[in-house]
Amino acid sequence: MGLFGRTHEKPPKDLINEWSGKIRKEMRTIDRQIRDIRREEEKVKRSIKDAAKKGQRDVCIILAKELIQSRRAISKLYASKAQMNSVLLSMKNQLSVLRVAGALQKSTEVMKAMQSLVKIPEIQATMRDLSKEMMKAGIIEEMLEDTFESMEDGEDMEEAAEEEVDKILFDITAGALGKAPSKVTDALPEMEPAGATAASEDESEEDIEEMQSRLAALRS
């Protein structure tokens with residue numbers, strides 16, 4: 001506290017170092033998120049192989065779409081990391097400007113990156129706080145409220161393209177399934193007697209539901 005209860009503002013150099021530290025921490029969070037999704041992907045691949053052996057083509061298609069969804073989530077996370085790297089580089093430039101000009105300067109590049117980063121659910125809270133601090137410091141301009149809205153902007157995955165599903169099933173089953181239909185209209189291959197497979201099918205459905213819940217939790 002300063003005189004009359006006023007708090008001293010942090011020096012610009014300290015602010016930049018603090019922001020950079022927070023961004024690096026969030027990048028590590030993104031790395032962990034990617035590793036978790038990849039682990040779930042391996043489980044889904046094994047389930048696709050198991051379902052393919054049982055001739056459960058409809059189950060394979062559902063799992064393939066889950067795989068597409070998780071791969072798209074990973075792509076977005078990598079894009080977020082690239083944007084955070086861009087902000088870190090800009091922070092280094094700000095330190096150089098600070099030494100010469102004695103003050104921080106407005107950055108369009110940082111503004112654009114932060115506008116995207118505040119929409120990423122996994123790091124949204126931290127990026128919002130950083131944006132507000134950067135606005136206060138004069139590096140970026142004030143953002144509109146709708147900028148802070150989550151990426152739940154109707155980006156619920158659109159119906160996975162049939163050819164994308166086909167490719168995944170072909171790759172994972174080494175061509176055993178051939179081309180999976182977009183809707184299950186083909187007769188499924190001969191199955192074992194119902195009594196012999198009922199228990200295993202119930203277990204398989206439970207495993208699939210559990211995996212879908214875990215994948216959904218990782219992306220939320």
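The values are calculated or read from the model by the stated rules, or taken from the named source; none is laboratory data. Fair warning: this is a prediction, and the values are worked out from it, not measured in the lab. Methodologically, a virtual Cβ is constructed for each residue, glycine included, from the backbone with ideal geometry; neighbour enumeration extends over all protein chains shown. These area figures cover heavy atoms from the full protein model, side chains too; ligands, DNA and RNA do not enter into them. Shrake-Rupley method; radii C 1.70, N 1.55, O 1.52, S 1.80 Å.
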_Probe 1.4 Å, accessible area per residue of the range 11-54, Å²_ = 57
*Distance in nm between label sites at Ala79 and Asn93, each 7 Å beyond Cα in the beta-carbon direction?*
2.2
_In nm, spacing of pseudo-spin labels at Glu141 and Lys167 (7 Å Cα→C-beta vector)_ = 4.0
*Would you please calculate the Kirkwood hydrodynamic radius of the range 35-140 over all C-alpha pairs and express it in Å, rounded to one decimal?*
16.6
*Would you kindly state how much longer the chain becomes between Glu109 and Arg32 on full extension, computed as 0.36 nm times their sequence separation minus their alpha carbon distance, in nm to one decimal?*
25.1 nm
*What FRET efficiency, computed as 1/(1 + (r/R0)^6) with R0 = 35 Å and r the Cβ-Cβ distance, is obtained for Ser116 and Ala174, rounded to the nearest 0.05?*
0.35
*asked:* So if each residue of separation counts as 0.36 nm, and I subtract the Cα-Cα distance between Lys25 and Lys132, what length gain in nm does that give?
replied: 36.7 nm
